[in-house]
1. What is the Cα centroid distance between region 148-178 and region 242-307, reported in whole angstrom?
2. Would you give the gap between the C-alpha center of region 423-441 and the C-alpha center of region 467-509, rounded to a whole Å?
3. Probe radius 1.4 Å, ligands and nucleic acids ignored: give me the carbon and sulfur share of the accessible area of region 204-261 as a rounded percent.
4. Simple spin-label model, 7 Å along Cα-to-Cβ: residue 172 to residue 583 in nm?
5. I need the chymotrypsin sites (Phe, Trp or Tyr not before Pro) found in region 216-262, filtered to DSSP loop residues with at most 14 other beta carbons within 10 Å of theirs.
6. If I require 18 Å or longer along the helix axis, counting alpha carbons, and a Kyte-Doolittle average no lower than 0.5, what helices from the chain are left? Use full DSSP H segments.
7. With r as the distance between the Cβ atoms of residue 154 and residue 266 and R0 = 22 Å, compute the FRET efficiency 1/(1 + (r/R0)^6) and round to 0.05.
8. For the chain, with only Lys/Arg (+1) and Asp/Glu (-1) charged at the beta-carbon, what is the dipole magnitude about the Cα centre, in debye rounded to 20?
Amino acid sequence: MFFTLAITFLFCALCGRLAYIQIFEGKELQIKASEQWYRDLPLRAPRGKIKDAAGNILVDNKDVFTVYARPRAVTDKPYTAAALAGVLDLDEHKLLERIGSRVSEVTVKRKIDEAQAQVLRKLALPGVYLTPDTERNYPYGASLSKVLGFTNIDNVGQNGLEGYYDTYLKGTDGFAYTNTDLTGREIDSTRTRYVPAIPGCSVTLSVDKSIQSFADFAVASAIYEWKAKAASMLIMDVTDGGIVAMSAMPSFDLNEPPRSDIDLLNALSKNSMIVDVFEPGSTFKIFTTAAAIENKCVSERDSFYCRGYHVVDGQRIRCWRSIGHGSQNLTDGVKNSCNVVFMNLALRLGVERFYDGLEGFGFNAKTNIDFYGESRGILLGRETVKNIDLARIGFGQAVACTPLQLITGVSAVVNGGTLYEPYFVKRIEDYRGTKIFEREKKPVRQVISPQTSEKMKELLENVVANGSGKKSQVPGFRIGGKTGTAQKYGSDGHIAEGKYISSFVGFAPVENPKYAILMLVDEPGPGAYYGSLVAAPFVGDVFSRIFNYTLLPPSVVPEPVPTVTMPLLIGKSATEAAAILTALKLTFEMAGDNAAGIVESTLPIPGTVIPNNDVVLVRLTE
């Protein structure tokens with residue numbers, strides 16, 4: 001009886017153990033067994049495509065292959081090492097060492113092309129295998145390099161949209177399973193089993209490839225013409241915040257990123273329009289004006305007097321025009337970009353109302369664009385700002401913002417007063433074409449009233465029609481905008497002598513704004529550094545191309561523009577030169593802070609025939 005009970009107990013224990021293994025450990029043991037029975041080769045999932053708004057391919061894939069070797073299945077190791085080294089341009093001795101090791105599998109080389117793969121297929125080396133792979137392909141090279149980003153050798157997004165949307169783009173890898181014996185050699189009679197890869201999602205941007213090409217050409221032309229350190233252009237759809245184009249140079253070919261020089265790669269791939277801040281200068285006057293009108297701090301009846309400077313808390317702050325603008329109303333002040341006018345407007349607003357307005361336009365906060373590394377800009381704290389700081393902020397000094405913040409705010413000024421969250425990606429679809437995300441425009445807040453927006457459009461159109469923005473004009477179309485010329489600061493925090501960022505921000509058509517364009521030229525060569533001369537013409541050229549591309553009908557019937565001959569001003573005083581140019585209806589920029597200076601040169605040179613509404617440069621002696 002004891003013996004029977006013992007046997008029964010052992011039998012029950014064994015059954016219990018078997019049941020435990022089957023129920024609780026079965027899957028884990030099955031996986032371990034499969035690892036001994038099978039050898040798997042990865043089937044890399046192709047990344048999803050990136051397209052522009054019209055469906056044009058901006059990023060796709062090209063077919064490549066990865067070479068693997070299973071050392072235990074390689075029958076003639078010296079011959080195999082020599083053959084692989086010859087085809088793949090590898091070190092034969094190191095390769096022989098690797099395939100002579102006791103590991104189950106080694107990766108010989110990644111990303112080989114079809115020609116090399118064909119040679120290896122013909123060689124039919126035992127123990128050597130090819131698996132299909134993909135490599136990122138950028139058909140337009142350097143275009144949108146700072147936006148699209150790039151991937152590493154494993155097709156993982158590293159930066160830009162490739163990195164930000166990597167979860168959607170990367171897909172899911174598959175595998176090819178083959179039965180092997182105990183030593184890892186493939187069994188001849190076995191069948192290969194496949195778990196197919198799932199391709200990544202395709203991503204459609206708000207970018208328009210044709211308009212992007214216009215921006216690329218303008219940026220390259222600006223660098224060449226003005227011998228500039230860098231240049232950039234940002235184009236936004238003011239009706240919803242979509243990025244239509246974003247171009248910046250210097251850049252690099254995305255198909256051949258300089259991976260060997262990490263510092264250079266980081267510098268070239270950084271999207272300065274989103275990451276870096278700059279002092280906006282006169283383009284910032286747009287927001288001072290809008291806030292003053294919205295808060296009823298100014299009217300058309302108000303008069304301002306500029307003697308070339310304004311005294312705030314005992315300190316003299318100069319206007320950009322050292323001889324002054326004299327008496328002017330708001331329209332004239334905006335057209336002339338008179339610093340004194342905007343100092344007065346900022347002081348009338350006071351800290352609370354002015355800061356409420358600026359923060360309403362999105363300054364001192366991130367825009368939440370779908371991109372890594374965005375900066376929030378720099379705005380002095382309300383509790384620390386003084387009247388002199390307020391006055392400087394009024395005309396675009398003592399404040400810093402990103403180009404993206406600037407154009408997003410300008411779009412709100414001219415679109416009826418609504419600030420929209422900017423974006424790149426408008427739609428995401430899986431590999432079957434099923435939509436999994438659709439961008440809807442996202443209003444953040446109503447910043448100003450439609451009435452204020454209409455008044456701002458009127459004032460900014462006058463800047464282009466009769467002021468410093470004349471070189472952005474396109475015959476037959478109504479364009480508004482504002483020029484800017486900002487000094488740069490060195491690493492020590494002091495103003496860098498002779499270094500400027502020339503800018504122009506414009507929008508069109510005025511009657512129903514669709515596009516806003518911001519052009520920045522960083523450190524143009526010596527001579528003309530004003531935004532009216534350096535940046536505005538390129539914005540006008542891009543607008544002209546956009547109007548032709550979109551078949552937009554003209555707003556007005558273009559009229560022939562009369563011409564005048566550039567007068568000889570050399571040797572005359574600044575005041576005399578200003579009077580002569582004003583009489584000829586020419587807008588002018590004066591380089592030099594000396595109100596008593598003498599004209600030493602002009603651009604264009606005397607005797608040149610120019611439109612009578614052109615912008616000219618007058619250089620004064622120090």
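1. Cα centres, region 148-178 to region 242-307: 31 Å.
2. Taking the Cα centre of each part, region 423-441 and region 467-509 sit 36 Å apart.
3. Details: 1110 of 2050 Å².
Answer for region 204-261 is 54 percent, counting heavy atoms of protein chains only.
4. 8.1
5. none
6. Values: long enough: 2-24 (32 Å, 1.83); 209-226 (25 Å, 0.39); 339-360 (24 Å, 0.37); 450-466 (24 Å, -0.72); 536-550 (21 Å, 0.45).
Sorted by number, the helices that extend far enough and score high enough are 2-24.
7. Computed FRET efficiency for residue 266 and residue 154 comes out at 0.65.
8. 580
The values are calculated or read from the model by the stated rules, or taken from the named source; none is laboratory data. The structure displayed is predicted, hence computed values, not measured ones. With ideal geometry, Cβ positions are generated from the backbone for all residues, glycine too; neighbour counts draw on all protein chains shown. The protein model used for the area step is the full one, side chains on, heavy atoms only, and it has no ligands, DNA or RNA in it. Shrake-Rupley method; radii C 1.70, N 1.55, O 1.52, S 1.80 Å.
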